[in-house]
Amino acid sequence: MVASERISFPPGPKEPAWVQTATYARDPVGALEKWAARHGDLFTVRIVGMPPLVFAAAPAELRQIFTASPDDLLAGQANGQIQPIVGARSILTLDGQEHHRHRRMMLPPFHGERMATYAETIREVTERAMATWPTEKAFALLPHMLQVTLEVILRTVFGIEQPTRVAQFSDQFSELIARWSSPLLPMLALYGVDPIRLAPWLPVSRKKRALDTALRAEIARRSEATGTDIFSLLLSACDEEGKPLTPEELRDELVTLMIAGHETSATTLSWVFERLLVHPKILEKVLDELDTIIVDDRVDLRQLDKLVYLDAVLKETLRQRPILAFIARVAAVPFEIANYRVPAGTYLCPAIHLAHRRTEAYPQPDVFDPERFVGKKTDAYSFLPFGGGGRRCIGMAFSMLEMKVILATVLSQVSLRLEGNKALGRTLRGVAVTPVGGTRVIKSR
């Protein structure tokens, strides 16, 4: 802490708050790039009805945010926008000791050799979905990726195998998210208004109640069962005092895993295909690498670790097209960042998109260059697609495995081309930055 107690903010745009709000709403990613070009790696934005937002992109300031005490910077409170869907007992919306308790109980199922056992399931789901794709007819890839990744979650996390039950949960969840992804509802939640609770007659409210009823029935049905899926492991998990998660805590965490475990992966996959299809030489290198692990006309999943270039392509896509432009923490106390002291209530926002564009870390950031990541370790304060610090995504290893298996399966078995053969712009689906049109492709074989 500096000696001065004077409250001060980094400089930022001078326009009235309503103009800044309109600029951001029109094009969030473009607005951040514009403001960073004017004000540098640390700047303050003012949005109507909200406390000031301080965006940070340089490693030094990102380190300050990610290593701060979780009692000083509250990520759960900052994630209030999604609380109407995931609930108040989600690892995303909790802070303090309760967040620490949930995280410790949820981490073990997402690490270790167990991850490799899911690879075959992921391939089976992918191959079954590919069989439904039309040939020589353009279609949006994103909805199909959402279908694949959601079924993967239902089978590997929930342990649900019966097609009718997979379809039931998939339909209920997809309908809920489709209703919630309208621009208005998340915006209301951002301002502290829970439209689901206040307007129980809304379609989105009815969809949430239906999903909650199904999840509670599944929790009750599974309470005495055992298994190796993540659901079963969470049912049997206990904290340091020997207490398990309550049914309501389980409900919130299961919805969290459904959202975090399929939306982000599906969107990233849509971007990877877009990046590869507009860079044919890079795609050719990926296909040549895949050929080295083909056995009996299929990728040998035991050799996934040999796909070094595909891994680099995935990381370069996550760098250039991160799903979230930024994440946030709410200052519970006055907080020092660089040479400024911001008051309690300020939003501290690690700007993922801007951090991934800094020329000090990534020369020519607009160039899609997977070689940046070949044989190199990533820096925790320059590469942060999964967040950072004590709130880093617990499903990162699972997500990377899932995306590699899906990419290897699709690219080794079908030939795709991009409708229009040109790079796609960005749009928002809820809070996720997605490709315009959902990456429309044409399958030729």
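Read-outs throughout are calculated quantities, based only on the coordinates presented, and are distinct from any laboratory measurement. All figures in this text were calculated on a predicted structure; none of them were measured in a lab. Neighbour counts run over all protein chains shown; Cβ positions are idealised from the backbone, glycine included.
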| Whole-Å semi-axes of the ellipsoid equivalent to region 135-218 (Cα gyration tensor, √5λ, descending) | 26, 19, 10
| Using a basic spin-label model with each label point 7 Å from the Cα along Cα→Cβ, how many nm lie between L190 and A217? | 3.7
| task | Would you kindly derive the ³J(HN,Hα) couplings of region 123-133 from the backbone phi angles with the Karplus curve 6.51 cos²θ - 1.76 cosθ + 1.60 (θ = phi - 60°), listing them in order in whole Hz, with x for Gly and Pro? | result | 5, 4, 4, 5, 5, 5, 5, 4, 5, 9, 6
| said: Suppose we take every Cα in region 277-383 and form the convex hull; what volume per residue is that in Å³? | reply: 138
| With no solvent and one point on each alpha carbon, what is the Debye value of log10 I(q)/I(0) for region 143-288 at q = 0.08, 0.11, 0.14, 0.15 Å⁻¹? | -0.30, -0.54, -0.80, -0.88
| request: Determine by what factor the alpha-carbon radius of gyration of region 97-164 differs from 2.2 N^0.38 Å, reporting the quotient. | output: 1.45
| Label-point gap, in nm, between R417 and T359 - each point 7 angstrom along Cα→Cβ | 3.7
| Leading residue at positive end of dipole, region 235-383 (Cβ point charges), from L269, I259, A338 | A338
| message | Could you give each residue of region 243-253 its phi-based ³J(HN,Hα) in whole Hz, using Karplus coefficients 6.51, -1.76, 1.60 with θ = phi - 60°, and x for Gly or Pro? | response | 8, x, 5, 6, x, 5, 5, 4, 4, 5, 6
| Mean projection of the alpha-carbon convex hull of region 321-423 over all orientations, in nm²? | 9.5
| field | Cα-centred dipole magnitude for the chain, charges only on beta-carbon of K, R (+1) and D, E (-1), debye, nearest 20 | value | 1020
| field | Cα→Cβ-extended label distance, 7 Å offset, between R392 and A140, nm | value | 3.4
| query | Too long at a 27 Å Cα-Cα cut-off: which of K208/K404; K34/K376; K315/K443? | reply | K208/K404; K34/K376
| remark: In order over region 206-214: 3J(HN,Hα) from phi, Karplus 6.51/-1.76/1.60, θ = phi - 60°, whole Hz, x for each Gly or Pro, gives 5, 5, 5, 4, 5, 5, 4, 4, 5
| request: Convert 25 °C to kelvin, take the viscosity as 0.890 mPa s, use the Kirkwood radius over C-alpha pairs of region 20-83 as Rh, and evaluate the Stokes-Einstein diffusion coefficient in µm²/s, rounded to a whole number. | output: 185
| note | Of the residues L424, V374, P350, the Cα lying farthest along the dipole of region 343-445 towards its positive end, which is defined by charges on the beta carbon of Lys, Arg, Asp and Glu, belongs to L424
| message | Just to verify a number: FRET efficiency for M130 and S8, C-beta to C-beta distance, R0 = 45 Å, to 0.05? | response | 0.20
| task | Go through S412, Y362, M396 and say which Cα lies farthest out towards the positive end of the charge dipole of region 351-431; charges sit on Cβ, +1 for Lys and Arg, -1 for Asp and Glu. | result | M396
| said: I'd like the Kirkwood hydrodynamic radius of region 221-298, using the inverse of the mean 1/r over distinct C-alpha pairs, in Å. | reply: 16.4
| Radius 14 Å from Cβ of L416, net charge of other residues (Lys, Arg +1; Asp, Glu -1) | +2
| Beyond 16 Å, what share of the Cα-Cα pairs of region 1-120 remains, rounded to the nearest whole percent? | 74
| message | For L428, what residues show an amide H to amide H distance below 5 Å, using hydrogens built from the backbone and excluding near sequence neighbours? | response | T434
| query | Average projected area of the Cα convex hull of region 280-324, in nm²? | reply | 3.8
| request: Could you give me the percent of Cα pairs per 10 Å distance bin for the chain, shortest bin first, beginning at zero and ending with the bin that holds the maximum distance? | output: 4, 20, 31, 28, 15, 3, 0
